[in-house]
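Comments concern the structure below.
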Amino acid sequence: MDYRHLGRSGLKVSELSFGSWVTFHDQVDVAAATDCMAAAYDAGVNFFDNAEVYARGKSEEVMGAALKNLGWRRSSYVISTKFFWGLYYGPNESHTLNRKRLFEGIHGSLERLQLDYVDLIFCHRADPTTPIEETVWAMHNIIEQGKALYWGTSEWSAGEIVAAIEIAERHHLHKPVMEQPQYNMLTRERFEKEYVRLFKDYGYGATIWSPLASGLLTGKYNNGIPANSRAALKGYEWLHEHFTNPDALLKVKALQTLASDFGYTIAQMALAWCLKNPNVSTVITGASRVEQVRENMKAVDVVERLTPDVLAQIEAILDNKPKMDAD
Ligand SMILES: NC(=O)c1ccc[n+]([C@@H]2O[C@H](COP(=O)([O-])OP(=O)(O)OC[C@H]3O[C@@H](n4cnc5c(N)ncnc54)[C@H](OP(=O)(O)O)[C@@H]3O)[C@@H](O)[C@H]2O)c1
């Protein structure tokens, strides 16, 4: 496992990391979470991603209990959480990045995770109703209070991110240092186009999500929706269209053939493909069982096997032509 700087910050994160969206609490209990995190950590993962909204707080509780079981040195791992949607529906409890919500958010997360501080906090979406200046000050103050170490954004527009950086610079506050965007073989536009100047000019870090397009890039949906998959879970019906998209499935089948010709799995190829992009600080993987963690961690060995020739073959299958990196 290699470690990359999180943007221009001094923090090093493992190139593959592990997140808990959908899985923790709803598919994975504390014992299974402990096993999955241990398998990831043993493979060199040092960053574990969470959010207060995942399973409405229960995902943080599961991760907190797993961390207690694992008893790792606190300095050996990085934990994140995120705020925006909240856990309740009151006027200052949901869909906001106002100062009150962010302070109450961090207090709740620390309690559920059973930690004194988290390493990273993200504004989980942009909030057009709160001045960016208020959010920047609140994130700065949370860091100054020692409750978090770095802050960042998730799925903000490049313009909103630059506005936050400039406000922080003007007032000598802690700047946001990383984005958390979706990036995978099937979703590339924003990462490869809109964000390019953020990486180049501001050294913004990127902790990318859904590198397997929620599992589509494993080939498991090639013949319909398997009973034990994410798509079959109650509450995730909104993903069905994504998992049954004929154009995407054609690409997945061709990618799967290519990967098996080279002797690795399509999941490993898809994760390694993300790692080829130098603007990626870490690829956040997800898994509902420990065997998936083990398979996915081996993607680090596939990176160097994705030669220019193989990448060109992948590009021909994807046929959506953006460049591979920012240069
Ligand atoms: N900031 C944001 O807005 C945002 C949004 C989404 C996610 N995230 C973060 O990114 C992390 C990763 O996202 P993700 O879970 O969507 O990642 P993903 O890698 O696209 O999908 C992971 C899911 O695919 C299936 N899978 C994984 N490896 C597999 C394998 N080798 N073989 C077969 N199936 C496999 C599993 O689902 P099943 O076994 O259940 O089918 C697993 O839960 C999340 O945990 C979260 O931390 C952030």
Helix 246-262: inclination vs the chain longest Cα principal axis, degrees, rounded to 10, gives 70 degrees
Summing -39500 (n - 2.57) over every DSSP H run of at least 4 residues in the chain and dividing by its residue count gives a helix-only mean residue ellipticity at 222 nm, to the nearest 500 deg cm²/dmol, of -12000 deg cm²/dmol
Note, the stretch 62-67: 3J(HN,Hα) by Karplus (6.51, -1.76, 1.60, θ = phi - 60°), whole Hz, Gly/Pro = x, goes 5, 5, x, 5, 5, 4
Contour minus Cα-Cα span, K68 to K12, at 0.36 nm per residue, comes to 17.9 nm
D (µm²/s, integer) via Stokes-Einstein for the stretch 151-309, Kirkwood Rh across alpha-carbon pairs, 4 °C, 1.567 mPa s: value 76 µm²/s
In whole percents, the bins of 10 Å from zero upward hold the Cα-Cα pairs of the chain as 6, 27, 35, 25, 7, 0
Tilt, helix 158-171 to longest principal axis of the chain (alpha-carbon atoms), in degrees rounded to tens, equals 30 degrees
If one compares the long axis through the Cα atoms of helix 308-318 with the longest principal axis of the Cα atoms of the chain, the angle in degrees, nearest 10, works out at 80 degrees
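Rank these for me by crowding, M269, M1, M139, going from fewest to most other beta carbons within 10 Å.
So the ranking, lowest neighbour count to highest, is M1, M269, M139.
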Per-residue Cβ contact counts at 10 Å, fewest first, order S75, S109 as S75, S109
Per the 1/(1 + (r/R0)^6) rule, R0 = 35 Å and r from the Cβ atoms of D35 and N245, FRET efficiency to 0.05 is 0.60
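Around G44, with a cut-off of 11 angstrom between Cβ atoms, what is the net charge of the other residues, counting Lys and Arg +1 and Asp and Glu -1?
Charge balance near G44 sits at -3.
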Phi angles of the stretch 102-113, converted by Karplus (6.51 cos²θ - 1.76 cosθ + 1.60, θ = phi - 60°) into ³J(HN,Hα) in whole Hz with x for Gly and Pro, give 5, 5, 5, x, 5, 4, x, 5, 4, 5, 5, 7
Given unit charges at Cβ for Lys, Arg (+) and Asp, Glu (-), the dipole magnitude of the chain about its Cα centre in debye, nearest 20, is 200 debye
One would report the antiparallel percent of DSSP beta bridges in the chain, rounded to the nearest 5, as 15 percent
Env charge @ A66, Cβ radius under 13 Å, K,R +1 / D,E -1, value -1
Here the gain from full extension of E169 to A312, 0.36 nm per residue of separation minus their alpha-carbon distance, amounts to 47.4 nm
Subtracting the Cα-Cα distance of N222 and D201 from 0.36 nm times their residue separation yields 3.5 nm
Counting all Cα-Cα pairs in the stretch 31-179, those more than 23 Å apart amount in percent to 35 percent
Going residue by residue through the stretch 297-306, the Karplus relation 6.51 cos²θ - 1.76 cosθ + 1.60 with θ = phi - 60° gives ³J(HN,Hα) values, rounded to whole Hz and with x marking Gly or Pro, of 4, 6, 4, 4, 7, 8, 3, 6, 7, 8
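Every read-out reported here was derived from the displayed coordinates using simple, explicitly stated rules and does not represent laboratory data. Every value quoted in this text rests on a predicted model; they were computed, and no experiment measured them. No Cβ is skipped: glycine too gets one built from the backbone with ideal geometry, and neighbour counts run over all protein chains shown.
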